[in-house]
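These notes are about the structure you will find just below.
The values are calculated or read from the model by the stated rules, or taken from the named source; none is laboratory data. This structure is a prediction, so every number in the text was calculated from the model and none was measured. Methodologically, a virtual Cβ is constructed for each residue, glycine included, from the backbone with ideal geometry; neighbour enumeration extends over all protein chains shown. Remember, those area values only see protein heavy atoms, side chains included, never the ligands or the DNA or RNA. Shrake-Rupley method; radii C 1.70, N 1.55, O 1.52, S 1.80 Å.
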Amino acid sequence: QELSSLKVSELRERLKERGLSMQGRHEQLVERLAHAMGGGGWLSSGHELLGSRVARAFGRRVALGSVTKYLPADESEGDPALFRLVHDDGDEEDLEEDEVVQGRSLYAEHPAARRFEEKAAKAREAEEAATSVELEGWRLEGHALVRRRVARSFDEGGHTL
């Protein structure tokens with residue numbers, strides 16, 4: 001049976017039978033079970049380097065990116081683990097663990113990475129400020145309907161029925 005067609009509860013049961021973690025979203029459970037069944041393949045969870053920001057030097061140019069998935073080592077073949085780095089410009093490359101560690105160190109000290117992080121922090125602050133302005137004047141408790149799900153129906157003109 002195709003693993004991706006299984007329900008989360010079925011995936012969790014199969015993972016439990018193998019003594020594996022049952023935590024995560026549907027696609028993570030499918031990946032974990034496929035890997036356990038010998039399907040190998042790239043994983044997007046389960047390694048501390050996933051999500052790492054990395055800088056890679058190419059001559060005088062430095063490319064920034066994020067580690068998005070990894071391929072576990074194949075000890076029987078002597079192959080090391082590989083990590084997929086997706087550069088901010090869309091390019092991709094596969095790195096070995098020591099290259100990711102080196103790239104993290106370069107990222108921590110490189111001016112381009114600091115500028116990127118400053119811009120990202122400003123964007124987060126702006127988003128938080130916009131959210132707080134939206135909530136200003138709204139009460140988040142004190143009424144029976146607060147935090148309750150409601151349904152509304154509209155006619156074709158967008159008017160409440």
Original post:
Does residue 78 meet the test of being within 28 Å of residue 28 (Cα to Cα) and under 20 Å from the mean Cα position of the chain (by Cα)?
Top reply: no
**OP:** Find the residue count for region 47-68, including only residues that are open to solvent by 70 Å² or more (accessible area, probe 1.4 Å) and either among the basic types (Lys, Arg) or assigned to a loop (DSSP other than H, G, I, E, B) (or both).
**Re:** 4
Subject >> Test: residue in region 111-122 that is in contact (Cβ under 8 Å) with a residue 24 or more places away in the chain, touching a Leu at 6+ places or on another chain (Cβ under 8 Å) and open to solvent by less than 40 Å² (accessible area, probe 1.4 Å) >> reply: yes
Original post:
Can you tell which of 108, 55 is at pLDDT 80 or above and in contact with a His (Cβ under 6 Å, 6 or more places away or on another chain)?
Top reply: 55
Subject >> Scan of region 27-45 for residues that are open to solvent by 60 Å² or more (accessible area, probe 1.4 Å) and at positive phi, ordered by number >> reply: 38
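Of the residues 109, 77, 92, 31, only one is of a type in the set (Asp, Glu) and under 28 Å from residue 10 (Cα atoms); which? Quick ask: steps written out before the conclusion?
Working: 109 fails: under 28 Å from residue 10 (Cα atoms); 77 fails: under 28 Å from residue 10 (Cα atoms); 92 fails: under 28 Å from residue 10 (Cα atoms).
Result of the check over 109, 77, 92, 31: 31.
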Original post:
Hey, among 134, 118, 99, 128, which residue is among the charged types (D, E, K, R), part of a helix (DSSP H, G or I) and modelled with pLDDT of 95 or more?
Top reply: 99
Subject >> Residues (exposed (fewer than 11 other Cβ atoms within 10 Å of the Cβ) and either touching a strand residue (DSSP E or B) at 6+ places or on another chain (Cβ under 7 Å) or not polar (S, T, N, Q) (or both)) located in region 1-12 >> reply: 2, 7
Original post:
What number goes with the only condition from (1) closer than 21 Å to residue 44 by Cβ; (2) without any contact (Cβ under 8 Å) to a residue 24 or more places away in the chain that residue 72 does not pass?
Top reply: (2)
Original post:
From the set of residues in region 13-26 that are in a helix (DSSP H, G or I) and open to solvent by less than 90 Å² (accessible area, probe 1.4 Å), which is farthest from residue 43 (Cα to Cα)?
Top reply: 14
Original post:
Of all the residues that make up region 69-96, how many are of a type in the set (D, E, K, R), surrounded by 15 or more Cβ atoms within 10 Å (Cβ to Cβ) and within 21 Å of residue 114 (Cα to Cα)?
Top reply: 0
